[in-house]
């Protein structure tokens with residue numbers, strides 16, 4: 001088995017973990033990364049970001065977080081951890097290499113890049129679910145006289161001081177960006193289009209993630225019943241502030257629509273204090289403001305679209321639609337995808353934590369690669 005026979009695409013947490021596990025299995029491989037550094041998404045994230053999951057369940061395989069790290073590490077600390085992880089496990093990706101197409105050709109893959117063509121037997125996609133910024137079509141946006149960006153380019157509140165700012169989207173990024181702005185005195189509003197679950201990051205003195213891990217073996221309906229009851233006691237009814245709880249539980253919502261709960265770290269308190277206004281869906285952008293679904297119009301100087309990402313896999317992988325769900329994500333994680341030799345790591349974001357899921361998936365995929373390699377070499381019992 002030559003290094004070129006196993007290809008890992010992506011050098012974020014999923015790619016680093018997969019590479020480390022392949023190395024532990026004694027499998028030579030190549031890691032490609034389109035950016036000029038490892039963990040590029042973490043380098044780009046906004047300044048105030050901290051993990052919403054604890055260090056206990058956010059470590060990659062074989063390398064726990066340092067004991068002195070805080071419970072919820074900062075963005076900078078995550079970057080340091082990932083860089084140290086790559087060094088410890090000798091992950092040396094080829095940087096600046098963009099994969100343009102992946103297709104199955106006989107008993108191998110043909111992978112076109114901006115520099116060469118590779119023919120691996122195994123391809124492991126580790127590019128993550130935040131591949132391509134999603135900016136929905138918004139009538140009138142071209143006429144807006146203020147600034148409009150995707151949340152992926154937001155860094156800190158400095159450019160927004162003294163500006164009326166609208167955050168469109170109330171996922172974890174949108175809620176935290178709105179919090180960041182409001183805490184620094186920015187006139188902030190946040191669009192909440194539909195029902196959303198709001199869960200405190202810590203519940204009854206315990207990290208919510210730890211409770212989710214503890215309950216993860218229970219049936220989905222039972223988990224949702226416990227979650228809704230316990231969160232309801234702490235968060236209460238937020239409908240008077242324009243935030244409505246969905247009729248289905250948080251775990252069911254993730255399965256059906258991919259929408260994860262907001263892990264609240266202070267946004268709701270500022271909503272209740274009137275420091276973050278909640279507005280309905282955007283109907284149209286006007287030169288000096290925005291018209292909303294309820295017919296109201298409000299002036300704004302800046303808009304930040306926290307409208308998420310798409311993995312962008314359909315444009316890369318030939319035949320991907322046959323193995324994808326309705327949201328453009330693979331149906332199977334941490335196992336062969338349905339296309340022989342093709343695996344996905346890091347495309348799932350459950351309530352138990354995305355990094356924890358990566359730490360479970362990467363060793364499984366590495367072991368599967370070992371079995372496939374041994375089978376091809378005729379060592380069926382190895």
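Residues considered: 290, 248. Of these, the only one that is assigned by TED's automatic domain parsing to the domain that holds residue 210, outside any helix (DSSP H, G or I) and more than 20 Å from residue 148 (Cα to Cα) is 248. May I ask you to verify whether residue 66 is over 24 Å from residue 119 (Cβ atoms), over 21 Å from the mean Cα position of the chain (by Cα) and part of a loop (DSSP other than H, G, I, E, B)? Yes: the conditions hold for residue 66. For segment 216-237, the set of residues classified as in contact with a helix residue (DSSP H, G or I) (Cβ under 7 Å, 6 or more places away or on another chain) and either free of Cβ contacts under 8 Å to residues at least 12 places away in the same chain or closer than 17 Å to residue 193 by Cα (or both) consists of 226 only.
Taken over segment 1-39, the residue count meeting the criterion of being at pLDDT 95 or above, in a helix (DSSP H, G or I) and either surrounded by fewer than 17 Cβ atoms within 10 Å (Cβ to Cβ) or not assigned by TED's automatic domain parsing to the domain that holds residue 78 (or both) is 2. Given the condition closer than 21 Å to residue 206 by Cβ, in the same structural domain as residue 15 (by TED's automatic domain parsing) and surrounded by 19 or more Cβ atoms within 10 Å (Cβ to Cβ), answer yes or no: does some residue in segment 73-88 qualify? Yes, there is a match, as at least one residue in segment 73-88 is closer than 21 Å to residue 206 by Cβ, in the same structural domain as residue 15 (by TED's automatic domain parsing) and surrounded by 19 or more Cβ atoms within 10 Å (Cβ to Cβ).
Evaluated against (1) surrounded by fewer than 17 Cβ atoms within 10 Å (Cβ to Cβ); (2) free of Cβ contacts under 8 Å to residues at least 12 places away in the same chain, residue 320 falls short on exactly one condition, (1). When residue 47 is tested against (1) buried (at least 18 other Cβ atoms within 10 Å of the Cβ); (2) within 19 Å of the chain's Cα centre (by Cα); (3) touching a residue at least 60 places away in the same chain (Cβ under 8 Å), exactly one condition is not met: (1). Against the conditions (1) surrounded by fewer than 16 Cβ atoms within 10 Å (Cβ to Cβ); (2) over 21 Å from residue 239 (Cβ atoms); (3) touching a residue at least 12 places away in the same chain (Cβ under 8 Å), residue 296 satisfies every one except (2). Residues that are on the phi > 0 side of the Ramachandran plot and either modelled with pLDDT under 95 or under 24 Å from the mean Cα position of the chain (by Cα) (or both) within segment 251-302 comprise 258, 266, listed in sequence order.
Evaluate segment 52-60: report whether one residue or more is modelled with pLDDT under 95, within 30 Å of residue 206 (Cβ to Cβ) and not in a helix (DSSP H, G or I). Yes, the conditions are met somewhere in segment 52-60.
The values are calculated or read from the model by the stated rules, or taken from the named source; none is laboratory data. Everything quoted here is computed from the prediction, not taken from an experiment. FYI the Cβ positions are ideal-geometry reconstructions off the backbone, even for glycines, and counts take in every protein chain you see.
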